[in-house]
1. In nm, to one decimal, how far is the modelled label at residue 176 from the one at residue 34, with both set 7 Å along Cα→Cβ?
2. Of all accessible surface on region 158-203 at a 1.4 Å probe, what whole percent is carbon and sulfur?
3. Just want the answer: with Cβ charges of +1 for Lys and Arg and -1 for Asp and Glu, which residue in 176, 144, 55 is farthest toward the dipole's positive end in the chain?
4. Taking the Kirkwood radius as the inverse of the mean 1/r across Cα pairs, report the Rg/Rh of region 119-203.
5. Mind checking the per residue accessible area of the chain for me, 1.4 Å probe, whole number of Å²?
6. Take the alpha-carbon centre of region 162-203, take the same for region 14-89, and report the distance between them in whole Å.
7. Any idea what the dipole of the chain comes to, in debye rounded to 20, about its Cα centre with Lys/Arg Cβ at +1 and Asp/Glu Cβ at -1?
8. Taking N as the number of residues in region 87-167, what is its Cα Rg relative to 2.2 N^0.38 Å?
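The values are calculated or read from the model by the stated rules, or taken from the named source; none is laboratory data. For clarity, every value in this text was computed on a predicted model and none was experimentally measured. Note: ideal-geometry Cβ built from the backbone for every residue, glycine included; neighbour counts use all protein chains shown. The protein model used for the area step is the full one, side chains on, heavy atoms only, and it has no ligands, DNA or RNA in it. Shrake-Rupley method; radii C 1.70, N 1.55, O 1.52, S 1.80 Å.
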Amino acid sequence: MTISAYERAQRVGQAAVRTAILDAATRLLVAEGVGSLTVRRIAAEVGCSTKVIYTMFGGKEGLMEALWLEGFARFGRRLEAVPANPDPIAYLEDLALAYREYALAEPDYYRVMFQRVVPGFEPGGEAVEFAKRTLGYAVRGVAAAMAAGRIAEGDPAEVADVVWMALHGAVSLELARMLEPEEAADRFRRLIATLVDGLRPGR
């Protein structure tokens, strides 16, 4: 007998139920647009009652913010998993590669996080602060590279923002299928090398 995503998740626990709901909502949003994001439709997709969703998220707005936060939580875990490296430049390069890897592994969440696929949705202040903390890995990495004299001195947060803007543009082009996968990987590495070279002291 086939069991629903909700039933499978329920056997694991509440956290798995929450994840099953968020994943289903994200798939619907990206595949069919914001109009598909009704509590009833998501419940049908997962195989649970609407009451489960209202209890967990308090309704559609709470669910939207939960989707956004889940994307950044997954993103943060991916960056956290980047191994420490005594070479600060190598660490920054690994962080950049992890950024692309996350976007390609979780494209639906990436679009929810960065491409405003839900018109009118504005995350609350605490949610925004949580999201910004995930980018702290890059700021700390830039600061370490500056302290080691590997890149020019400056405001680490400002430099990290500039690097992030460049990486985001490259990843967005790839997700839009403007580049072939092999071509995109090569271009991305060249972009990282160009950014690093441009940040060196004396540039």
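1. 2.0 nm
2. Carbon with sulfur: 57 percent of the solvent-accessible area.
3. About the Cα centre, the residue reaching furthest to the positive side is 55.
4. 1.05
5. 55 Å²
6. Distance between centres, Cα-based: 28 Å.
7. Dipole of the chain, to the nearest 20 debye: 480 debye.
8. After normalising by residue count via 2.2 N^0.38 Å, the value is 1.23.
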